[in-house]
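Everything on this sheet refers to the single structure shown next.
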Amino acid sequence: MSWLSNVRNALSGIVPGAKQQTADNLWHKCKGCGTMVFTRELEENLHVCPTCEHHERIGPTERFAHLFDAGTAAVLAAPKAAEDPLKFRDSKRYADRLKAARTGTGEQDAFVNARGQIHGRRVVIGVQDFAFMGGSMGQAVGEAFIQGVETAIKDRAPYVVFTASGGARMQEGILSLMQMPRSTVAIQMLHDAGLPYIVVLTDPTSGGVMAAYAMLGDVQIAEPKATLAFTGRRVIENTIREKLPEDFQTSEYYLEHGMIDMVVDRRELRDRLATVIGYLTAGERRAA
C-alpha cells in the first residue's frame, strides 16, 4: 500500500467534530534514514522503518502485544520499592522526575513484567522501558527483575528480558549499584531451578545494566544495529588514544566477536524465541 493510499484511508476515517490527526502524529521521521513514514504503516511493521529497516525504540505495551499469544498475557503489578531514598535533588527533585516519567509512560517505573504464552509455551517476559528516565536501573527495577525471576520459578517457565538502559540511576547512588549483585543472585536462582534465562538486547543497552543482567543470559539475542556498551565510545577513544571501528559497540560487532549468539529482526523475534524456548525446555510440559 502506497503512502498516498494510507493518507486517503486515514482521512476517510475522520469523524466531524472529533480530534483530528495532525502532522505531528500522522507521520514519523525515521531516526535511521530521515524518511517520513506514515505512522500507521510504521506501527503495522512493528516500528521497523520500511525503507532502511531501522528499529525504533518501543516499550512494554508494544512488546507484550507482539510477543504473547492472543489472550494469554497478564501484566504483573509493580512491586513496592523505596522512593527517593536519598532525597536527591539536582536541577529538579527526584520525586518530580519520577512523577513526570510516570505521567509520560503510564508505568510505575522502568521495568515491567508479564506472564503468558508464546506458541503455547509458558514464559515470563520483563521489558525495560528507555522512555522512563532512560531505562535507568534503580531499586524499583531491581525489585521488578527479582519479581520476574520468582514468577518464572513459580510458573516453571523461562525468563526472557528485553534490556534498554543508560545504566544505573544516579539519583539513587550506591543503592542503584546494589541491584547488580542482586540481579546476579536472582539469575543463579533460575539456574538452580533448571530454568532458562534469555536476554534480548535492544537499543541502547549500556552502563551498569550492561555489566549485570544484560550479559548473563543462557542465550544472548540482539536487535539489529542496537548500541551496546558499558562505557561510551568517546571515553574509550580518549583512554586508549585510538580510533575505534565504525561498527564498534553495535549488535553486529558483538556477534562477529562472539559476545552474543544471534541478531534477530524484530518481526522474526517471536518465532525465534519460540524456537529457542522449545529447545531449552524440551523436558517441560507445554501449557494446557
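The values are calculated or read from the model by the stated rules, or taken from the named source; none is laboratory data. In this text the structure is predicted, and so the values were computed from the model without any measurement. Here Cβ is always computed from backbone atoms with ideal geometry, including for glycine, and neighbour counts include all displayed protein chains. Only protein heavy atoms, including side chains, enter the accessible area calculation; ligands, DNA and RNA are left aside. Shrake-Rupley method; radii C 1.70, N 1.55, O 1.52, S 1.80 Å.
When 226, 274 are checked against the criterion of being open to solvent by less than 20 Å² (accessible area, probe 1.4 Å) and touching a helix residue (DSSP H, G or I) at 6+ places or on another chain (Cβ under 7 Å), 226 stands alone in meeting it. The single condition among (1) assigned to a strand (DSSP E or B); (2) touching an Asp or Glu at 6+ places or on another chain (Cβ under 7 Å); (3) not small (Gly, Ala, Ser) that residue 224 does not meet is (1). Among the residues of the range 245-266, are any open to solvent by 80 Å² or more (accessible area, probe 1.4 Å), assigned to a helix (DSSP H, G or I) and either among the hydroxyl-bearing types (Ser, Thr, Tyr) or in contact (Cβ under 8 Å) with a residue 40 or more places away in the chain (or both)? Checked the range 245-266: no residue is open to solvent by 80 Å² or more (accessible area, probe 1.4 Å), assigned to a helix (DSSP H, G or I) and either among the hydroxyl-bearing types (Ser, Thr, Tyr) or in contact (Cβ under 8 Å) with a residue 40 or more places away in the chain (or both). Is it the case that residue 174 is open to solvent by 40 Å² or more (accessible area, probe 1.4 Å), out of contact with any helix residue (DSSP H, G or I) (no Cβ under 6 Å at 6 or more places or on another chain) and closer than 13 Å to residue 197 by Cβ? No; evaluated as a whole, the condition is false for this residue. A count restricted to the range 29-55 and to residues that are touching a Lys or Arg at 6+ places or on another chain (Cβ under 7 Å) and either open to solvent by less than 80 Å² (accessible area, probe 1.4 Å) or of a type in the set (D, E, K, R) (or both) stands at 4.
Per this entry, residue 126 is not counted among residues that are closer than 19 Å to residue 276 by Cβ, out of contact with any helix residue (DSSP H, G or I) (no Cβ under 7 Å at 6 or more places or on another chain) and of a type outside the set (A, V, I, L, M, F, W, C). Only a single item in (1) over 19 Å from the mean Cα position of the chain (by Cα); (2) open to solvent by 10 Å² or more (accessible area, probe 1.4 Å) is not met by residue 215, and it is number (1). Quick one: how many residues across the range 135-165 are surrounded by fewer than 19 Cβ atoms within 10 Å (Cβ to Cβ) and within 23 Å of residue 269 (Cα to Cα)? Number of matching residues: 3.
Check whether at least one residue in the range 21-28 is in a loop (DSSP other than H, G, I, E, B) and at pLDDT 95 or above, and report yes or no. Taking every residue of the range 21-28 in turn, none turns out to be in a loop (DSSP other than H, G, I, E, B) and at pLDDT 95 or above. Of note, residue 77 satisfies the criterion of being assigned to a loop (DSSP other than H, G, I, E, B), at pLDDT 95 or above and over 21 Å from residue 175 (Cβ atoms). Entry remark, the range 85-117: residues being part of a strand (DSSP E or B) and open to solvent by 40 Å² or more (accessible area, probe 1.4 Å) number 4 in total. The residues listed here are 120, 126; of these, the one that is crowded, with 16+ Cβ neighbours inside 10 Å and at pLDDT 95 or above is 126. The condition of being part of a helix (DSSP H, G or I) and at pLDDT 95 or above holds for residue 42. For beta carbons closer than 7 Å, sequence separation of 6+ or different chains, a first residue in the range 31-53 that is free of Cβ contacts under 8 Å to residues at least 24 places away in the same chain and a second that is of a type in the set (Gly, Ala, Ser), the qualifying pairs are 49/32; 52/32.
With respect to the conditions (1) outside any loop (DSSP other than H, G, I, E, B); (2) open to solvent by 40 Å² or more (accessible area, probe 1.4 Å); (3) charged (D, E, K, R), residue 63 lacks only one, and its number is (2). With respect to the stated conditions, residue 231 fails to be closer than 27 Å to residue 280 by Cα and either open to solvent by 60 Å² or more (accessible area, probe 1.4 Å) or outside any helix (DSSP H, G or I) (or both).
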